[in-house]
Structures are given as structure tokens and as C-alpha cells.
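What follows is one structure encoded as C-alpha cells, with my remarks underneath.
The values are calculated or read from the model by the stated rules, or taken from the named source; none is laboratory data. Bear in mind that the values here come from a model prediction, so they are computed numbers and not experimental data. When we count neighbours, we look across all protein chains shown, and the Cβ atoms used for this are built from the backbone with ideal geometry, even at glycine.
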Amino acid sequence: MGKALRWLLSLALLIAALGTAGAAGAAEPDTTGSSGPPGSSATTGPGSTGSSATTGPGSTGSTSNTAGTASTGTNTSTASTASTADIKDRILAIPGMSLIQEKPVDGYRYFVLDYTQPVDHRHPSRGTFQQRITLLHKGVDRPTVFFTSGYNVSTTPSRSEPTQIVDGNQVSLEYRYFTPSRPDPADWTKLDIWQAASDQHRVFTALKAIYSGKWLATGGSKGGMTATYFERFYPHDMDGVVAYVAPDDVVNNEDSAYDRFLATVGTKACRDRVEAVQREALVRRKPLEREYADWARAGGYTFTTVGTLDKAYEAVVLDYVWAYWQYSLLSDCDTIPADAKTATDQQIYDSIDKISGFSAYTDQGLEQYTPYYYQAGTQLGSPDIEQPWLGGLSRYGYQPPRHFVPRSIPMRFDPGAMPDVDGWVRHHADHMLFVYGQNDPWGSERFQVGQGSRDSYVFTAPGANHGANVAGLVAAQRAKATARILDWAGVAPAAVRQDESKAKPLAPFDKKLDTREVTRGPAMLP
């Protein structure tokens, strides 16, 4: 994808590992609300015990166990050897689990795996697919952090902030329908937040018999949303949730919070500079589109999904202000042309490309993110901002997700999905921590905890962007958050239980595993 590789999303910020929760058997969905997506008539979750799901073959050349369902406990025939068996053998004894690769990592075992999942957890006999998983193994006596990015899973070993804090294991799960974790053929109606939560529940159920300690769920951005939805539908699985920069778009057609944010973020001088470049890119549409067309022709990029190069160009330009605040800091404002009107065409073009990325709305750039745009247009919602400083230069406005998904894939929006999750979090959150960045536009609509929630918190890192984390909080909140994470994981030292100000990560920083820079994705993806 050429330049598109620069825009791969998924925060390197947060990779988490599986912990523990509940009994080894499958936890039932929350009975205080629907067990399927809001409006669904389904009454049961995935059947991890006695499921009739069939298991497809493991990948070519892999070691695989192809019995059909997730294990819920230790078989009596293997109980006597379980404690001495190699961890790889124990993992591959799980029905449906297959090994893709083991990679060397100092102090850990690291596995890239496939796991057989039902396409439809309500009807597990109607086909399966292989879902990609990575496992950073520290020890069965350690807590486990369950990380989800909400997108593809990285197969480069890394450690999320909660994993470092608790010095634990980490399980990372690729979100269904992101390749290679996509059924073939793909029934897109089975891509929803309940089915994805049920994927997590089934993985947790399968691994709980091995990793019997505490479990925490975590993720950043769409991964933070994913961790939250998992908790909503399976509230008895995890012992805690750490959700970073997770948007909460409760009412899709009411986005004034974003407009208020963009009117006050940072400083007026920086806002004026960024907005002027964006405006100038529309004033100079003709010459800059010629350069865009030359670039697309040379790289073989096409625009069938969005419709025309003109629509793609404007979509990239309209993302510019949002993308700046999502991925940059106030201190980066000096990298923006100081006087847009006197800047050259090349300076304007290069600034738009650096911040927004001209590959984002090509067919090739959109293809990887089709599952996200589908979900944004069917359940998650998406921002629609005014940008009055453009003065009528926009021809299309913020285009809806439908424009970024091939027309062959039907879409219908469910307005009840997000209010259901939002209401549940406000009144039922238990051991949940939400962390946001002060200057991140995605935090304009965020999760809140209220009456009925317990031991749950919403913190904001001052001056932070979409890479906000616990380490960036003010001292008192950083200590509180770290102490609660340690406590939820069952590893808080006695000194921390007596005085939260003493809380700090149990594992020292590792420059190979703990680099948590924000990697850019297409701007309007969380």
C-alpha cells in the first residue's frame, strides 16, 4: 500500500495480556440487559461447553488440535501432568488452537496462534473461521492481560502498559473480519459488537484453565471500545478493565461536542495556523489534485469505493485538523506552515499528506479498514463536524462511512447499540478505568461512570493526544490508577494497599517491549 503503510492504525500504546476472572466454565452474558446486540432476540451466548461448532483445519504446516470446542477445565487424564507439561503443549491441547510461530523474547515465551471460532456464536454449527491470537507468556502464576486493538493484531512482541504494571502475561486478539481473521465467504451481518465480545469470551474460557489468576481487559481507541463492550456483555469474565482513549458516540446524529472541542483545543495561534493550511488546500484544489492524480497513477491507486479522486481528495483535506490534534502535540505546531497563503503548493500538499495521508481514501487504503467503516456505519457511529473556517469551500462535507465500504456490502444503522453500552457503563461499571487525552478529539464524546458504578474512574492526561496513558496522568491520578490496576490483578504489594502513592509498575521498562508511540492510522479512525 505504499505510503499507506505509514498510516497503519492500532496504538502501539496498549497491548495487554490475559488475566483471570470467574470460574473455569463459560460465564453467561449479563442478564440485566440483552445478551445479543440491542434489539436482538437472541438469549444465549456462545456455547463453550457442549458447543456443536465444527473446527476448520489449522494453517498449513502448523501444529493443531482440531476438536470442535473450547476447553472449560483440565481433563482428568491430563491433570497429573498439566503442571509439568511445556506451556506450548498445554496451549495446543486446547481444542481448535494451532501454532503459527514461536518467536524468541527475553524473559517470555511468545506464540502466534490461530483459534477456531464460530462465524455466528448463536448458531455455532453454521461455519467457522480462524482467528489470529498472540500470547506473551510470563508464567501461569502471573495475572493475564487481554489486549484488543479493535483492528489487526501485531505479531511483533510488545507489552501494553497494564501488562508492564502487573508484570503479567498478555493475550492479544485480532478483531473478527480483519484479515486474516475473516470468514470466507464473509457474512457481514455477523460483524457486530456482541459477536466480537463472544469471540473474546470464548478465548478467555479456553485459556482460563491454564491461566487461572486474575484477568484484566485492555485496549486503546477502538480497542478500548472493544474491551468495554466485552465487559458489558460478559461482565463476569474480567477482574478489571483499562480502556484508553475510547470514544462513546451515544447519539450518532448529535456531534456538537466535537465542534466545541475544536473551537477551544490548544491555543488560538495554533488552531489558526492548522485551519489556514486546511482552507488553503481547498482554495488550491485544482493544482493540488493534479499532483494527487499523478501520485495515484504512478502508484496504481484507484478510487472506485469512494467514487472519484475529487471526493477522496476532499475527504483527506477535511481530516487534516482532526488528524493534527489526534496525533500531534501543541508543541508540534511549528511544523505547520506559518503563513498558508504564502506557502508553496508543495508545502501545502506535503503538510496535508504528512498529517492526513493521501492514501487513506484510495481503494487500497480503505480495503484494510472495511470492517471498521462497516461497524461505524452499522453500530459505532462516526463524527460529523462543521469546520466553519472553511467558508463553504467543501463540496461534500464529512462523508458518512457508507461511502467507504464497497456497495456490494449492505449496511443498516442500529441506533440502540451505543446507548445500551453507555447506559450499562454509567450504572454498572465495576473495576473499570477510562483514560483520555486532553487534546484528543476522540475524547470529546467519552464514557462516564455514575450512580451504580463501583471502583471505576475516568481520568484525563493533561496535554496528551490519542496516545494518552496512565504514565501521563497527574501524580495523584497516576498513583490511584496504578494502585487500582495492581489491586484488580491481585498483585498489589502490602505497601501499596496501605498507601496508593507508592504504586508503580512491577516490571521495569523494557525499550524493546514497552515502546508505546502512537502509530498513525487514517485520521477518522479511532
In region 108-137, anything farther than 30 Å from W188 by Cβ and touching a residue at least 60 places away in the same chain (Cβ under 8 Å) is listed as L136
Considering residues that are surrounded by fewer than 20 Cβ atoms within 10 Å (Cβ to Cβ) and either part of a loop (DSSP other than H, G, I, E, B) or touching a His at 6+ places or on another chain (Cβ under 9 Å) (or both), the number found within region 337-360 is 5
Taking interchain pairs and intrachain pairs at least six residues apart, which have beta carbon atoms under 7 angstrom, with the first residue in region 276-292 and under 19 Å from D334 (Cβ atoms) and the second polar (S, T, N, Q)? V277/S351
Do we find that F509 is aromatic (F, W, Y), modelled with pLDDT of 95 or more, out of contact with any Gly (no Cβ under 6 Å at 6 or more places or on another chain) and not assigned by TED's automatic domain parsing to the domain that holds S149 in this structure? yes
Consider only pairs whose beta carbons are under 7 Å apart and that are at least six residues apart or on different chains; among these, list those whose first residue lies in region 399-414 and is assigned to a helix (DSSP H, G or I) and whose second residue is hydrophobic (A, V, I, L, M, F, W, C) and crowded, with 16+ Cβ neighbours inside 10 Å. P401/A376; R402/M411; H403/V306; F404/V306; F404/L366
Working only within region 375-394, note down all residues that are under 18 Å from M411 (Cα atoms), of a type outside the set (S, T, N, Q), outside any loop (DSSP other than H, G, I, E, B) and in contact with an Asp or Glu (Cβ under 7 Å, 6 or more places away or on another chain). L380
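Look at E386 and say whether it is among the acidic types (D, E) and under 21 Å from the mean Cα position of the chain (by Cα).
no
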Among residues of region 415-435, those that are part of a loop (DSSP other than H, G, I, E, B) and closer than 24 Å to L216 by Cβ, counted: 2
Select from region 291-321 the residues that are closer than 21 Å to P337 by Cα and assigned to a helix (DSSP H, G or I) and list them in ascending order. E291, Y292, Y313, E314, A315, V316, V317, L318, Y320, V321
Which one of these is within 21 Å of the chain's Cα centre (by Cα), among the charged types (D, E, K, R) and within 22 Å of P95 (Cα to Cα): R132, R126, R109? R132
